[in-house]
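What follows is one structure encoded as structure tokens, with my remarks underneath.
What follows draws every value from the coordinates through simple rules; no lab data is involved. If you're wondering where the values come from, they're calculated on a predicted model, not measured in any experiment. Note that we place each Cβ from the backbone using ideal geometry, even for glycine, and neighbour counts take in every protein chain shown.
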Amino acid sequence: MRIDRLIGILSILLQKEMTTAPELAEHFEVSRRTINRDIEALSNAGIPIRTTQGSGGGICIMNGYRMDRTILTSKDMQMILAGLRSLDSVSGSRYYGRLMEKIQLGSSGIVSGRDSILIDLSSWYRDTLAPKIEIIQDAIELSRKLRFYYYSPKGETEREIEPYYLIFKWSSWYVYGFCRLRKDFRIFKLNRMDKITLEDLFEKKTEVPYPDMDGEKIYPTTGKVKVIFDSSLKWRLIEDYGVNSYTELPDGKLLFEHDYPDDEWLISWLLSFADQVTVIEPERIREKITKITSDITSKYMNGGTK
């Protein structure tokens, strides 16, 4: 893709005193004419590129401009490269790795040879997630609508959206776009989407609100829970909510008080602790858990067929 080549050329020019069109053409496996067009495009974009002919000549960026590369420190570059590597962990390809190599070329003075930061964004759903990410990326780039089946606690619906952003947050992937069913912008979790297809073109809206991924917006709280946990579960509370999420009681047990988004989510989370947790408040959660455990007991007492 041309944009990747332009980024690569600019990176080389920022990191080397001088290069030549034949060197760039060989590196990017394109013709010298293509490189000349790319250099012209960079110049038109405001990059002060200077070309000189004859022995010792070549392509370079004016000295005053090249000093701006110090804005990116070694740590900055390592973070950028780690981010590019992480995208390959979900794409299932070497696309971003190749782009990373172009940026890294000649940067030995800026980027450490060893990789001290590794980010893996892959998940248990990698085999099904990577194709979804690819088709959504295509839809956003080509301004194509997406149609899919969506599964949520409220049931199954067929949706058609105009996609604008692909988002990674809370260890999950989401797509943000204008939902034609709801007539508003919505966020959809990729793991809940099925049978995704590209549809016809759409005209992008001139004003698109930036996706608000604040936890309170996506999962608004409906109440506060008060729970006593066994001391052996301290690691789990720290992992899920942090070191300040509980109060240690005189007997060693842990008092947990926190807001929660909905009853179903809270109950499924509490049941994952089996009998090592006791709900104090609210009463309706106690009642629901009592009924669920009673129904489970009844099912297995009857051979698990009811």
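With r as the distance between the Cβ atoms of Asp127 and Ser231 and R0 = 30 Å, compute the FRET efficiency 1/(1 + (r/R0)^6) and round to 0.05.
Values: r = 39 Å, r/R0 = 1.31.
It comes out at approximately 0.15.
Report the trypsin sites (Lys or Arg not before Pro) located in region 198-303 that are in a DSSP loop and have at most 13 other Cβ atoms inside 10 Å of their Cβ, or state none.
Values: sites: Lys204, Lys205, Lys217, Lys224, Lys226, Lys234, Arg236, Lys253, Arg284, Arg286, Lys288, Lys291, Lys299; in loops: Lys204, Lys205, Lys253.
Qualifying residues, ordered by number: Lys204, Lys205.
Could you pull out the GluC sites (Glu not before Pro) across region 173-260 that fall in loop regions by DSSP (anything but H, G, I, E, B) with no more than 14 other Cβ atoms inside 10 Å?
Working: sites: Glu199, Glu203, Glu207, Glu216, Glu239, Glu248, Glu257; in loops: Glu203, Glu207.
Those satisfying the criteria are Glu203, Glu207.
Go through Lys189/Lys288; Lys132/Lys205; Lys224/Lys253 and tell me which ones have a Cα-Cα distance over 21 Å in this structure.
Correct reply: Lys189/Lys288; Lys132/Lys205.
Mind running the shape call on region 126-213? Use the C-alpha gyration tensor, a ≥ b ≥ c as the square roots of the eigenvalues: rounded below 1.5 for a/c, prolate if a/b tops b/c, oblate otherwise.
Judged from the Cα gyration tensor, region 126-213 comes out rounded (a/c under 1.5).
Once fully extended, how much extra length lies between Met62 and Thr197, figured as 0.36 nm per residue of separation less the alpha-carbon to alpha-carbon distance? Mind showing how you got there, number by number?
Working: separation 135, 0.36 × 135 = 48.60 nm, distance 4.78 nm.
So the chain would gain 43.8 nm between Met62 and Thr197.
So, by mean Cβ neighbours within 10 angstrom, what's the order for 270-278, 24-32 with the highest one leading? All intermediate terms of the calculation are to be shown ahead of the outcome.
Working: 270-278: 13.2, 24-32: 14.8.
With the highest mean Cβ count within 10 Å placed first, the list reads 24-32, 270-278.
What does the charge dipole of region 178-306 about its Cα centre add up to, to the nearest 20 debye, if the Cβ of each Lys and Arg holds +1 and the Cβ of each Asp and Glu holds -1? Kindly include the intermediate steps, with their values, before the conclusion.
Working: 21 positive and 24 negative charges, 100 e Å.
Dipole magnitude for region 178-306 comes out near 480 debye.
Determine, from the Cβ-Cβ distance of Ser43 and Phe168 and an R0 of 30 Å, the FRET efficiency 1/(1 + (r/R0)^6), rounded to the nearest 0.05.
Values: r = 35 Å, r/R0 = 1.17.
Result of the calculation: an efficiency of 0.30.
Looking at the square roots a ≥ b ≥ c of the eigenvalues of the Cα gyration tensor of region 236-306, which shape do they give, rounded for a/c under 1.5, prolate if a/b is larger than b/c, or oblate?
Numbers: a/c = 2.33, a/b = 2.03, b/c = 1.15.
Because a/c hits 1.5 or more and a/b exceeds b/c, region 236-306 counts as prolate.
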